[in-house]
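Each reported figure results from applying straightforward, stated rules to the coordinates on display, with no laboratory input. In this text the structure is predicted, and so the values were computed from the model without any measurement. So basically every Cβ, Gly included, is an ideal-geometry build from the backbone, and we count neighbours across all protein chains shown.
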Amino acid sequence: MEKELNEEVLLPTDTFASEIDAGLSANPKAISSRYFYDAEGDRLFQKIMQLDEYYLSRAEYAIFKEHKELLLQYFADQRTAFHLMEFGAGDGWKTKVLLRHFIEQHAKFDYRPIDISGNVLQELESSLKTELPSLQVQGMEGEYFEVLNQMQKTDGQRKVVLFLGSNIGNFRQHQAISFLSSLRASLNQGDMVLIGFDMKKDPHVIRNAYDDASGVTRDFNMNLLKRLNIELGANFDLTKFKHYQSYDPQSGECRSYLISLAEQEVTMQAIGVSYYFKKWEPIHVEISRKFDFETINELAASSGFGVVKNLQDTDEYFTDSLWVA
Ligand code: AVI
């Protein structure tokens, strides 16, 4: 029998429900940040990226503006044709800086954004058609590694994979190593990856980025509870939770929580279970790790890549690290 699919994340609803159930039954309670991204979560994340406090996107944009030619020289070593792949491209705001430059330089490449959402790909492809009509684009719908593994058989052209925005920071170290090792296993020797890392810096700058004055990040986190109400028939009272964020400068871990403001019980109709919350009990909802070069080198070495070049913005807030398989 076909399993019912949850439209936003294309996960079977029972997997979604059972992961949420496991997270809320655990001690301490936790929910994975990948569940932030329903349509409203996507919209709020777009808003976060435009906030003054959220320096990450601007810093990576500045790196691309400054180093687009150098990146092209590495990607198209000796004018080799290459496939430029991107994991989770979103609206492509930063990537378009590179794409435009590569086209102007008549580089031999095509662009293959990979995303699990067909809608995201369609929107990106249609904006690229208008803005960069001569670009060869082939959106690839599916899980990142499945798509890469299928391609392995198609041709011997070099692949360059972009994994930007410090998305890697949403993994713990062991998860990041396992993700990057799977990425390495899907690539051929000589293929490249460009990974965005948000760096350790003044802790106040980091805290403000995840606790902005206008409350967009708060709404983004609280939307997770709204989503559980809508999709799993939960009865979270949003006035009885608050967003709290902390940063530990030693580990570089920025953590977000939703804190229960009262002793309360929440029921989830989809699975017929109730969860008890103590007053001040937190649900851990996100980790956004901040890096230093030692950790970046360790990640590359443990997952079978060699570091080729680290590129930074002038504030040294962000690093795009270029690795070779
Ligand atoms: C998607 N990810 C890299 C963002 C981050 O910075 O960890 C998600 C985010 N959470 C709160 N603000 C932005």
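Within the range 264-324, which chymotrypsin sites (Phe, Trp or Tyr not before Pro) sit in a loop by DSSP and count at most 16 neighbouring Cβ atoms inside 10 Å? Within the range 264-324, the qualifying chymotrypsin sites (Phe, Trp or Tyr not before Pro) (loop, at most 16 other Cβ atoms within 10 Å) are 280. Taking every alpha-carbon pair under 8 Å whose residues sit at least 6 apart, the range 173-295 reaches a relative contact order of 23 percent.
Pairs with C-alpha atoms separated by more than 32 Å, drawn from the list 47/68; 29/290; 129/201; 29/94; 240/290; 201/278, are 129/201; 29/94; 201/278.
Quick one: compute the contact order of the range 227-325, relative version, from alpha carbon pairs under 8 angstrom and 6+ residues apart, as a percent. Don't skip to the answer; put the middle values down first.
Numbers: 152 pairs, mean separation 19.5, N = 99.
Across the range 227-325, relative contact order equals 20 percent.
Over the range 172-325, the ratio between the Cα radius of gyration and 2.2 N^0.38 Å evaluates to 1.30.
If contacts are Cα pairs under 8 angstrom and at least 6 residues apart, what is the relative contact order of the chain in percent? Each step should come with its number before you reach the end.
Details: 566 pairs, mean separation 65.1, N = 325.
Dividing the mean separation by the residue count of the chain yields 20 percent.
Summing Cβ point charges (Lys, Arg +1; Asp, Glu -1) relative to the Cα centre of the range 159-233 gives a dipole of roughly 160 debye.
Taking each DSSP H run with n ≥ 4 as -39500 (n - 2.57) and averaging over every residue of the chain yields -12000 deg cm²/dmol at 222 nm.
Placing +1 at every Lys and Arg Cβ and -1 at every Asp and Glu Cβ, with all other atoms neutral, what dipole size does the chain have around its Cα centre, in debye to the nearest 20? Kindly include the intermediate steps, with their values, before the conclusion.
Details: 34 positive and 49 negative charges, 99 e Å.
With only Lys, Arg, Asp and Glu charged at Cβ, the dipole is about 480 debye.
Listed by chain and number, the aspartates and glutamates placed with their C-alpha closer than 16 angstrom to that of residue 65 are 104, 313, 315, 316, 320; residues fewer than eight positions away on the same chain are left out. Within the chain, the longest run free of exposed loop sites, counting GluC sites (Glu not before Pro) that sit outside DSSP helix and strand states (H, G, I, E, B) and have at most 14 other Cβ atoms within 10 Å, spans 8-142. About its Cα centre, the dipole of the range 1-148 is roughly 740 debye, where the only charges are +1 on Lys and Arg Cβ and -1 on Asp and Glu Cβ.
Rg/Rh for the chain: what does it come to with C-alpha atoms and Rh from Kirkwood? Write down the numbers at each step before the final one.
Numbers: Rg = 20.5 Å, Rh = 21.0 Å.
Answer for the chain: 0.98.
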